[in-house]
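A short write-up of the structure that comes next.
The values are calculated or read from the model by the stated rules, or taken from the named source; none is laboratory data. In this text the structure is predicted, and so the values were computed from the model without any measurement. Neighbour counts run over all protein chains shown; Cβ positions are idealised from the backbone, glycine included.
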Amino acid sequence: MNLKYMYSLLAVIVLFLVSYILAGTGMAFKVLFGIILPYAALLTFIIGFISRIRNWARSAVPFRITTTCGQQKSLPWIKPNAIDNPFSKGAVVIRMFLEIVLFRSLFRNTRLKMKAGPKITYNLEIFLWVGALAFHYAFLTVLLRHLRFFTEPVPILVQLLETVDSFFRIEILYDINQFGLPGVYISGLVLLAAVTYLFLRRVFIPNVKYISLAADFFPLFLIFGIAFTGILMRYVTKIDVVAAKELTMGLVSFHPTIPEGLASIFYVHIFFVSILLVYFPFSKLMHIGGIFFSPTRNMTADTRATRHINPWNYPVHVHTYEEYEDEFREKMVEAGLPVVKQPVETPPEETEKKE
Amino acid sequence: MSDLLKPEELYKTDSRPPRTDWMDTPVEIRRGIACYAGNPKSLEYVGLPNARKWSCFDEDWQLPENWQEIIHEGFKERLEKFRSFKVFMDICVRCGACADKCHFFIGTGDPKNMPVLRAELLRSIYRNDFTRAGKILGKLGGARPMTLEVLREWWYYMFQCSECRRCSVFCPYGIDTAEITMMGRELLNLLGLNIDWIATPVANCYRTGNHLGIQPHAFKDMLEFFQEDIEEITGVLVEPQYNKVGADILFITPSGDVFADPGTYTCMGYMMLFHYLKEKYGFDITWSTYASEGGNFGFFTSHEMMKRLNAKMYAEAKRLGVKWIIGGECGHMWRVINQYMDTMNGPADFLEEPVSPITGTKFENAKSTKMVHITEFTADLIKHGKLELDKSRNDNLSVTFHDSCNPARGMGLLDEPRYVIQNVCNKFHEMPAGTIREQTFCCGSGSGLNAGEDMELRMAGGLPRANAVKSVHESKGVNTLATICAIDRAALPDLMSYWVPEVEVYGVHEMVANALILQGEKDRDTDLRGEPLPGMEDSDE
Ligand code: HEM
Ligand code: SF4
Ligand code: SF4
């Protein structure tokens, strides 16, 4: 049995219980979960993130190893694939933009089937692409929507986003919205669904299950926990949003306070967020930064037209033509191949003298 | 090859990962998959460390006392020298998009041949040795300490990757497992753990200028042999030039084409094309016996070895005082020329920006490296109507084109060879989408794995390619697999006879030469292989 995800699930449950119980015991822990940990986490995140980026930036880029995914620019009458085989910096920017915004490479994904025959087929497999896009955009939307808790007045763009996000009203179950925007946010539900999908594929697709580490399940559970507690607060336990904003505004204005009347579940929510922030720079979640540094994607493919400089290029031992000719001169002359130095007909006595 | 499994036995449709976690599944080095160890003489000749007689099947690999330290330090050095390595160690999310993209995984079903797991073999050590999270979380975070068992695993799986980069096309971050394999092999080479099929060609190339160890006089002999064949078939005597100081252009091609069928026919093709151009346009091109290798098995050893072997190209071009260089049909050779040569051994400021002396076309895309691919050169000639061609001479061939990994994914040379083929052949059919162009499948024998002892691996790894050929063979009657790679020409015939026996392997310039009408040629009744031309089948009798 491969139960790697149990460790991560257990870890998240423990974190939940610990924060839930402790937050209910009194002011000290509310200060811990509501003020100290968020500050510490954010600081860790910022420092960690920057130091990882700097660490990558410190490593050299000796060669231009672009992965070319289309026709090169060569003869004028052959149509190059400007984006997948980018000849200019501008084309690289477009390529990177499409990777980051649309996960373009992932869109190429195929699924292999091996049938009798033998016959192998490759069909487009867009589920991972759809799932990953849904997950990331839902996450982004949720993140941006939360700006409302950190700004006063709330920027017009954030309000707009909220309107769009809650546009497709499914059904208004609880009309408790203090901000005057009734409705269900799609992003929260999509996030939950997408995380669930990403989890299920790690459990049910044999190959993906086999490559998954315990560490791959942890952020999924954690994000599930964040989304779940968030949805719970909004639609079920109906948290005091004004109090919540008082706390968050306190954090951004560096006058932290712990307002009355915030339920323990709120502290769990921000504790989970703090954990995610701390976990982020030390884990694969750094892929957000890494993709910008990926040499197979962020470099031009014009290597034959403009020389790339390797900062640590050093001289190496080579077998020179002279050494080569010295070894093979007689044979070359005999075969009628041109040589630089003619073989000298040395009389026997002279050779002896040399020795 | 006698104990090789039958195709039906090799083809597994139901491979499932083992029940035990990959870290707890010990490696079993198998015959038929593994290659023989590098000959100590070859390692010594080029100064590689820990040269000794050993075998991967031995209990004791005779490693230096401090081998763990060597690996650790080597790892560290490469993390600093190669951002690719560091970033690829850090950012894989194990989404699995690359998993079923590797031909070796498809063919062998061995989960450690999934690109992501191949990379995890190194990544697990990276986490343990170089990251805080790895040190704290240990196995939960995918970290493990370096042991002999891990080293054996590295060796086994680094030599089951042909550095084809197909995985990199599909990875959302462009993680290129070929790059990781290259680092893995560099590290293994620090301990003297190369395979002979790479180590000996490297030593040969260093000494004689080519992988096969052909000495200058023998090189000339071999081309003279082709001269005779060509004269017999066409009635025309072609006369290649060698090591000619002051020639306009230097020609460099893989030595495999000089040495073994069917590459030899491609080599004859070059000779005929150059002769044609010389007679008609005064084209002045020289072969070199010193730079008599296009390929670069140093590339499969280390970046340094790649540079050492590649240096001959510019050195010889400089010595001969040519204007620029044309490179023949070869796969990894062109990855090296396109992405490494100018950086490593340039700037080639003693050469001129390449201009075709016949059409006047400026090869702007090669203006710094000053080396042009022969299919770029020939496509340009054809476009300008500079070649007299009789396509019908190739009418017996129903052709499909195998994109070689390196020109496809390390260059993007996709339409030039297709243009040439379609101008010298009437029947051309593409293999199914998903198996050509940037998604092409490796022949299964690239990156120095085309030895004899790993035939099971090669036949398994070549399965996806062969299967795509089979599909056009059955649906379109394709009987010819054209390629622009010398390793392909050496490896694909075995692969075809194993999976699709009715298909023959051709180089593009062999087909060009079949169609090319030489001045003063006799009525040809056979192609370069001595097979009757279309309509001439009965003329012998
Ligand atoms: C910028 C380009 C990005 C790309 C191309 C990208 C792509 C991906 C992909 C393909 C996955 C794999 C899904 C899976 O687990 O199977 C993933 C997972 C994930 N990404 Fe991103 N991502 C990007 C940015 C971000 C950002 C900005 C965040 C910020 C929070 C992020 C957070 C995550 C998380 C939390 C996961 C789930 C990890 C897991 O599956 O265990 N990603 N991403
Ligand atoms: S596709 Fe890329 S990120 Fe996904 S598992 Fe493979 S190497 Fe890792
Ligand atoms: S480079 Fe090619 S052979 Fe190596 S892991 Fe990737 S797909 Fe497989």
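Does B:Y173 satisfy being farther than 18 Å from B:H303 by Cβ and within 15 Å of ligand 2 (Cβ to nearest atom)? Answer is yes for this residue. Residues of the range B:138-149 that are assigned to a helix (DSSP H, G or I) and either among the charged types (D, E, K, R) or crowded, with 20+ Cβ neighbours inside 10 Å (or both): B:K139, B:G141, B:E149. Apart from one condition, A:T300 fits all of (1) at pLDDT 95 or above; (2) of a type outside the set (A, V, I, L, M, F, W, C); (3) within 16 Å of ligand 1 (Cβ to nearest atom); (4) surrounded by fewer than 21 Cβ atoms within 10 Å (Cβ to Cβ); the exception is (3).
Just wondering, is there one or more residues in the range B:369-378 that are farther than 19 Å from B:N296 by Cβ and assigned to a loop (DSSP other than H, G, I, E, B)? No, because not a single residue in the range B:369-378 is farther than 19 Å from B:N296 by Cβ and assigned to a loop (DSSP other than H, G, I, E, B). The lone criterion from (1) modelled with pLDDT of 95 or more; (2) more than 16 Å from ligand 3 (Cβ to nearest atom); (3) surrounded by 11 or more Cβ atoms within 10 Å (Cβ to Cβ) left unmet by A:P311 is number (3). For the range A:138-196, the tally of residues that are at pLDDT 85 or above and under 30 Å from A:L9 (Cβ atoms) stands at 22. Quick one: would you say B:F105 is more than 16 Å from ligand 1 (Cβ to nearest atom), at the interface with chain A (Cβ under 9 Å from one of its Cβ atoms), under 21 Å from A:V203 (Cα atoms) and at pLDDT 95 or above? Judged against the criteria, B:F105 is a match. None of B:Y173, B:Y206 is assigned by TED's automatic domain parsing to the domain that holds B:K101 and out of contact with any strand residue (DSSP E or B) (no Cβ under 6 Å at 6 or more places or on another chain) except B:Y173. Taking the numbered list (1) over 30 Å from B:M89 (Cα atoms); (2) of a type in the set (V, I, T); (3) within 9 Å of chain B (Cβ to nearest Cβ) in turn, A:T303 passes all entries but (1). Within the range B:332-362, the set of residues being touching a strand residue (DSSP E or B) at 6+ places or on another chain (Cβ under 9 Å), assigned to a loop (DSSP other than H, G, I, E, B) and without any contact (Cβ under 8 Å) to a residue 24 or more places away in the chain comprises B:T361 only. Residues in the range B:108-137 that are crowded, with 22+ Cβ neighbours inside 10 Å, within 9 Å of another protein chain (Cβ to nearest Cβ) and among the β-branched types (V, I, T): B:V116 alone. For the range B:290-298, the condition holds for no residue, the condition being that it is in a helix (DSSP H, G or I), over 25 Å from B:F226 (Cβ atoms), aromatic (F, W, Y) and in the same structural domain as B:T208 (by TED's automatic domain parsing). Residues that are crowded, with 16+ Cβ neighbours inside 10 Å, small (G, A, S), within 16 Å of ligand 2 (Cβ to nearest atom) and more than 9 Å from chain B (Cβ to nearest Cβ) occur in the range A:124-135; there is at least one.
Can you name the residue in the range B:103-119 that is outside any loop (DSSP other than H, G, I, E, B) and touching a Cys at 6+ places or on another chain (Cβ under 8 Å) and, of all such residues, is nearest to ligand 2 (Cβ to nearest atom)? Here the residue is B:V116.
Highlighted here are the helices (runs of 4 or more DSSP H) found entirely within the range A:32-136 that include at least 2 residues which are in the same structural domain as A:I186 (by TED's automatic domain parsing) and charged (D, E, K, R): A:37-58, A:89-102. Scanning the range B:457-491 for residues that are part of a helix (DSSP H, G or I), within 16 Å of ligand 3 (Cβ to nearest atom) and away from chain A (no Cβ under 14 Å) yields B:L457, B:R458, B:I487, B:D488, B:A491.
Pairs linking a residue in the range B:96-111 that is under 15 Å from B:T435 (Cβ atoms) to a residue that is aromatic (F, W, Y) and within 16 Å of ligand 1 (Cβ to nearest atom), with Cβ atoms under 9 Å and 6 or more positions apart or on different chains, are B:K101/B:F170.
B:C92 meets the conditions (1) within 16 Å of ligand 1 (Cβ to nearest atom); (2) at pLDDT below 95 in every case but one. The failed one is (2).
Within the range A:1-53, the set of residues being under 25 Å from the mean Cα position of the chain (by Cα) and hydroxyl-bearing (S, T, Y) comprises A:Y5, A:Y7, A:S8, A:Y39, A:T44, A:S51. A residue that is assigned to a helix (DSSP H, G or I), within 16 Å of ligand 1 (Cβ to nearest atom) and not small (G, A, S) occurs nowhere in the range A:325-342. Determine which single condition B:M431 fails, assuming it passes every other condition in (1) under 17 Å from the mean Cα position of the chain (by Cα); (2) part of a loop (DSSP other than H, G, I, E, B); (3) more than 10 Å from chain A (Cβ to nearest Cβ). The failed condition is (1). Please go through the range A:209-240 and pick out each residue that is at pLDDT 90 or above and aliphatic (A, V, I, L, M). Result: A:I211, A:L213, A:A214, A:A215, A:L220, A:L222, A:I223, A:I226, A:A227, A:I231, A:L232, A:M233.
If the condition is being of a type in the set (A, V, I, L, M) and either over 24 Å from the mean Cα position of the chain (by Cα) or within 8 Å of chain A (Cβ to nearest Cβ) (or both), then the range B:11-48 contributes B:M23, B:V27, B:I29. Only one of the numbered conditions (1) in contact with a strand residue (DSSP E or B) (Cβ under 9 Å, 6 or more places away or on another chain); (2) surrounded by fewer than 22 Cβ atoms within 10 Å (Cβ to Cβ) is violated by B:E239, and that is (1). Condition first: more than 8 Å from chain B (Cβ to nearest Cβ) and among the hydrophobic types (A, V, I, L, M, F, W, C). Now tell me which residues in the range A:199-225 satisfy that. Residues satisfying the conditions are A:F199, A:L200, A:V203, A:F204, A:F217, A:F218, A:L220, A:F221, A:L222, A:I223, A:F224.
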